[in-house]
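The values are calculated or read from the model by the stated rules, or taken from the named source; none is laboratory data. Small disclaimer: the values here were computed from a predicted structure and weren't measured. As a convention, Cβ positions derive from the backbone with ideal geometry for all residues, glycine included, and neighbour counts pool all protein chains shown.
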């Protein structure tokens, strides 16, 4: 494994609203290495999509951003719009959750898939269209020579997502960000798309930053998992450690909510995390998970735990695990 391609350092993204400041991301540190596949997991509202949008420079105007996002030695937060535009799409690309809203309904598939080649490689329209056809064939769009003349609404959901993946990987980006790319699709389609994404990342030697709420998808695609809760990272580990030796009660709760063959056979009910995620305008004091944690103590309610490395590559922010004090089981 080579050095870090992307370093996110003390990233804070707060949204100014009429009712107060929403602390969506509140001091996040992590790295993505060359050729690595990293997943950010968490419930809705945990801040994982905000992290992705901050990397892409696509946050809304009411976002207040602090920290550093260093890509190949350059802080993306300090680049001009033109400098960022030269990187976005060519070196860093993002596959969004809903392809129907990501694709322009008024333009043909061919026009939209040709745009990256025309914009970044300065190819002629004819050359760009041929590249687009070749890429659509690679992602298994049927009859790509005629499909380029169709409009997005004539494609199925799976074909639209394949088209979007083709567009975002057409220039072989160094870093591909995928935000819940399979959640809007039937389970039968998800497997094929996961395999496709995995093959493209491997063939292009790209790094992958996957955003999802599904630990099963993370296990299928990624080397390392980052667990976020209420705007903070609570645990980070390689995928095997995360499943076999997770330490944070929140991570353990997510794992217990996954359907497994054993639970199907025994007809046991899935466990659910009690309570709801906190209001990020006024988050709880101390550990933000303590109102939902069955192991919370006074120190959890009073002081915020730091993210510390408990073993090589395994970090956790939990008072129960700091200094080997007790532990959740």
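So residue 145 fits all but one of (1) over 22 Å from the mean Cα position of the chain (by Cα); (2) part of a loop (DSSP other than H, G, I, E, B); what number is the exception?
If we test residue 145 against (1) over 22 Å from the mean Cα position of the chain (by Cα); (2) part of a loop (DSSP other than H, G, I, E, B), just (2) comes out false.
Give the residue that is farthest from residue 41 (Cα to Cα), with candidates limited to residues of region 195-215 that are part of a helix (DSSP H, G or I) and more than 14 Å from the chain's Cα centre (by Cα). Don't jump to the end; show me each part of the working.
Of region 195-215, the ones part of a helix (DSSP H, G or I) are 195-203, 215.
Then drop every residue that is not more than 14 Å from the chain's Cα centre (by Cα), which leaves 195-196, 198-203.
Details: 195: 20, 196: 21, 198: 18, 199: 22, 200: 22, 201: 19, 202: 22, 203: 25 Å.
Ranking the candidates gives 203 first.
Every residue in region 88-112 that is assigned to a loop (DSSP other than H, G, I, E, B) and touching a helix residue (DSSP H, G or I) at 6+ places or on another chain (Cβ under 8 Å), please. Lay out the reasoning, then the answer.
Step one: list which residues in region 88-112 are assigned to a loop (DSSP other than H, G, I, E, B), which gives 89-91, 96-98, 103-108.
Correct list: 89, 90, 96, 103, 104, 105.
Return the total of residues in region 22-78 being closer than 28 Å to residue 239 by Cα, in a loop (DSSP other than H, G, I, E, B) and in contact (Cβ under 8 Å) with a residue 40 or more places away in the chain.
10
Please state which of the following conditions residue 122 fails to meet, knowing it meets all the rest: (1) closer than 23 Å to residue 100 by Cα; (2) surrounded by fewer than 19 Cβ atoms within 10 Å (Cβ to Cβ); (3) modelled with pLDDT under 95; (4) out of contact with any helix residue (DSSP H, G or I) (no Cβ under 6 Å at 6 or more places or on another chain).
(1)
Looking at this structure, is residue 164 touching a helix residue (DSSP H, G or I) at 6+ places or on another chain (Cβ under 6 Å) and in a helix (DSSP H, G or I)? Break it down stepwise before answering.
Numbers: touching a helix residue (DSSP H, G or I) at 6+ places or on another chain (Cβ under 6 Å): yes; in a helix (DSSP H, G or I): yes.
In short, yes.
For region 309-320, indicate whether the set of residues that are surrounded by 18 or more Cβ atoms within 10 Å (Cβ to Cβ), part of a loop (DSSP other than H, G, I, E, B) and at pLDDT below 95 is non-empty.
yes
Out of 278, 305, I need the residue that is surrounded by 15 or more Cβ atoms within 10 Å (Cβ to Cβ), in a loop (DSSP other than H, G, I, E, B), out of contact with any strand residue (DSSP E or B) (no Cβ under 8 Å at 6 or more places or on another chain) and without any contact (Cβ under 8 Å) to a residue 24 or more places away in the chain. Which one?
Numbers: 278 fails: without any contact (Cβ under 8 Å) to a residue 24 or more places away in the chain.
Answer to the selection: 305.
Would you mind listing the helices (runs of 4 or more DSSP H) fully within region 227-274 where at least 2 residues are farther than 14 Å from residue 42 by Cβ and modelled with pLDDT under 80? First the steps, then the outcome.
On the way: elements: 239-244, 249-256, 261-266.
Counting at least 2 such residues, we get 261-266.
Identify, please: which residue in region 113-141 is touching a residue at least 12 places away in the same chain (Cβ under 8 Å) and not in a helix (DSSP H, G or I) and is, among those, nearest to the chain's Cα centre (by Cα)? Step through it out loud before you land on a result.
Step one: of region 113-141, the residues touching a residue at least 12 places away in the same chain (Cβ under 8 Å) are 113-117, 119-121, 128-129, 131-133, 135-136, 138-141.
With the extra rule that they be not in a helix (DSSP H, G or I), the set shrinks to 121, 139-141.
Values: 121: 27, 139: 21, 140: 24, 141: 25 Å.
Checking each candidate, the answer is 139.
Please work out if residue 287 is part of a helix (DSSP H, G or I) and within 22 Å of residue 29 (Cβ to Cβ). Explain how you work it out, then say what you get.
Values: part of a helix (DSSP H, G or I): no; within 22 Å of residue 29 (Cβ to Cβ): yes.
When the stated conditions are applied, residue 287 does not pass them.
Do the conditions hold for residue 220, that is, is it part of a helix (DSSP H, G or I) and without any contact (Cβ under 8 Å) to a residue 12 or more places away in the chain? So that I can check it myself, show each step before the final result.
Numbers: part of a helix (DSSP H, G or I): yes; without any contact (Cβ under 8 Å) to a residue 12 or more places away in the chain: no.
In short, no.
Within region 281-302, which residues are surrounded by fewer than 16 Cβ atoms within 10 Å (Cβ to Cβ) and either touching a residue at least 60 places away in the same chain (Cβ under 8 Å) or in contact with a strand residue (DSSP E or B) (Cβ under 7 Å, 6 or more places away or on another chain) (or both)?
281, 282, listed by residue number.
Within the bounds of region 44-55, is there any residue that is surrounded by fewer than 16 Cβ atoms within 10 Å (Cβ to Cβ), under 18 Å from the mean Cα position of the chain (by Cα) and modelled with pLDDT under 95?
Checked against the condition, which is being surrounded by fewer than 16 Cβ atoms within 10 Å (Cβ to Cβ), under 18 Å from the mean Cα position of the chain (by Cα) and modelled with pLDDT under 95, region 44-55 yields at least one hit.
So which residues in region 168-192 are without any contact (Cβ under 8 Å) to a residue 60 or more places away in the chain and either surrounded by fewer than 23 Cβ atoms within 10 Å (Cβ to Cβ) or part of a helix (DSSP H, G or I) (or both), if there are any at all? Before the answer, list the steps.
Of region 168-192, the ones without any contact (Cβ under 8 Å) to a residue 60 or more places away in the chain are 170, 172, 182, 185-192.
Passing the criteria: 172, 185, 186, 187, 188, 189, 190, 191, 192.
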